[in-house]
Structures are given as C-alpha cells and as structure tokens.
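Scroll down for the structure; my scribbles are underneath it.
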Amino acid sequence: MDGDIAGAARPVHLAWSSILLVLVGGTVGTAAREGLSLAIPSVGGIPVAILAINIVGALFLGALLEALARRGPDLGRRRALRLLLGTGFAGGFTTYSALAVDSGLLLTGGDPTAGILYALGTVVVGALATVAGIALGAARHRRAVTR
C-alpha cells in the first residue's frame, strides 16, 4: 500500500505502485533496446539501431502522451499507463547516453562530419517524430470521437 506521509497522501513519484510500474516498463524497454541493438548491425560505422530506437521511441512517446492527455486528467489507469509505457518502457527503450557515446566515437574516430550529422540528425528527426506522434495521437482521438 502507498500509505501516507505525516497524514498527507504520498507523492506519486514516491508511491511504491508507481515505482514498480516504472521498474517493470523500464526493464522491458531496456531489454527491447538491447535486443535490437545486438540484432541490427552498424551500417558504414553508423549505429543505425540506436538511431532507429530513439526515433521510434520519440514517435511512440508523443503518440502515447497525446492519446492519454486527450482522454482526461493524469489519474488512475491513465497515470498507470503513462508510468508503465511512457516513463518506464520508452525511458528504458530510448537512450541519450548511447547517442552521446556513439556521436563522440564518430567525432573522434576520424569522421567528424558523420558524428555531427548523426547527433544533429537524431535530435532533429527525433523531434519531428515526436510531433508526428502527437499528430497521430490527436488524429486517433478525433476518429474515436466521431464514431
């Protein structure tokens, strides 16, 4: 049980149920990322698996958060889904640290142009993927409302 702290409800980020949802989602997301990064080889020295993972993760997170926000306040099942799938799964699936390391390796490994393009391209395309995910979530909501 999440209990109370000095008579007040425990903040969501300290509630054991919330921590468990993030833990489970993060474990699955991290395992999925690792599996894909091991299965998809680099192409011409470019770690395309991490690039694709970060872009797909940004698209997924944008669509998820938009869909949840359009369904109502961040409470109950919506909060649980946000914590499990957004903070947990997408947080474990995407990886800024691998992007930073891979960019650094490309920059210092003799191909600084590839390093700059990889770093900037991932961020720009990731931002566009997030916007696309938000648009997909909004469109899905509009279709559901008109039915």
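In summary, Gly110 fulfils each of the numbered conditions (1) assigned to a helix (DSSP H, G or I); (2) within 18 Å of Gly45 (Cα to Cα); (3) modelled with pLDDT under 90 with the single exception of condition (1). For region 39-49, which positions are in a helix (DSSP H, G or I) and either over 21 Å from Gly109 (Cβ atoms) or touching a residue at least 60 places away in the same chain (Cβ under 8 Å) (or both)? Ala39 - this is the single residue of region 39-49 that is in a helix (DSSP H, G or I) and either over 21 Å from Gly109 (Cβ atoms) or touching a residue at least 60 places away in the same chain (Cβ under 8 Å) (or both). Of the residues making up region 26-47, those that are β-branched (Val, Ile, Thr) and at pLDDT 95 or above number 4.
Taking region 88-106 as the region of interest, how many residues are among the aromatic types (Phe, Trp, Tyr) and surrounded by fewer than 18 Cβ atoms within 10 Å (Cβ to Cβ)?
Just the residues of region 88-106 that are among the aromatic types (Phe, Trp, Tyr), to begin with: 89, 93, 96.
Retained after the next criterion (residues that are surrounded by fewer than 18 Cβ atoms within 10 Å (Cβ to Cβ)): 96.
Qualifying residue count for the region: 1.
Name the one entry in Gly126, Gly121 that is in contact with a helix residue (DSSP H, G or I) (Cβ under 7 Å, 6 or more places away or on another chain), in a helix (DSSP H, G or I) and not acidic (Asp, Glu).
Answer to the check: Gly126.
A Cβ distance below 7 Å, combined with a sequence gap of six or more or placement on separate chains, defines the contacts here; from region 88-111, residues that are under 23 Å from Val28 (Cβ atoms) reach residues that are polar (S, T, N, Q) in the pairs Gly92/Thr27; Gly92/Thr30; Thr94/Asn54; Thr95/Asn54; Leu99/Asn54; Leu99/Thr122. Flag: Leu23 matches the condition of being over 30 Å from Gly121 (Cβ atoms) and modelled with pLDDT of 95 or more. Hey, could you check region 1-15 for residues that are open to solvent by 70 Å² or more (accessible area, probe 1.4 Å) and part of a helix (DSSP H, G or I) and say which is modelled with the highest pLDDT? So, considering only residues that are open to solvent by 70 Å² or more (accessible area, probe 1.4 Å) and part of a helix (DSSP H, G or I), the one modelled with the highest pLDDT is Leu14.
To keep it simple, each residue is scored yes or no on (1) farther than 30 Å from Leu128 by Cβ; (2) without any contact (Cβ under 8 Å) to a residue 12 or more places away in the chain; (3) in a helix (DSSP H, G or I); (4) open to solvent by less than 50 Å² (accessible area, probe 1.4 Å).
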residue: Ser17; (1), (2), (3), (4): yes, no, yes, no
residue: Gly26; (1), (2), (3), (4): no, no, yes, yes
residue: Thr30; (1), (2), (3), (4): no, no, yes, no
residue: Asn54; (1), (2), (3), (4): no, no, yes, yes
residue: Gly62; (1), (2), (3), (4): no, no, yes, yes
residue: Glu66; (1), (2), (3), (4): no, no, yes, yes
residue: Arg79; (1), (2), (3), (4): no, no, yes, no
residue: Arg82; (1), (2), (3), (4): no, no, yes, no
residue: Gly86; (1), (2), (3), (4): no, no, yes, yes
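The values are calculated or read from the model by the stated rules, or taken from the named source; none is laboratory data. Just so we're clear, the structure is a prediction, and the values are computed from it rather than from any experiment. All Cβ positions, glycine included, derive from the backbone under ideal geometry; neighbour counts span all protein chains shown. With ligands, DNA and RNA removed, areas are computed over all heavy atoms of the protein, side chains included. Shrake-Rupley method; radii C 1.70, N 1.55, O 1.52, S 1.80 Å.
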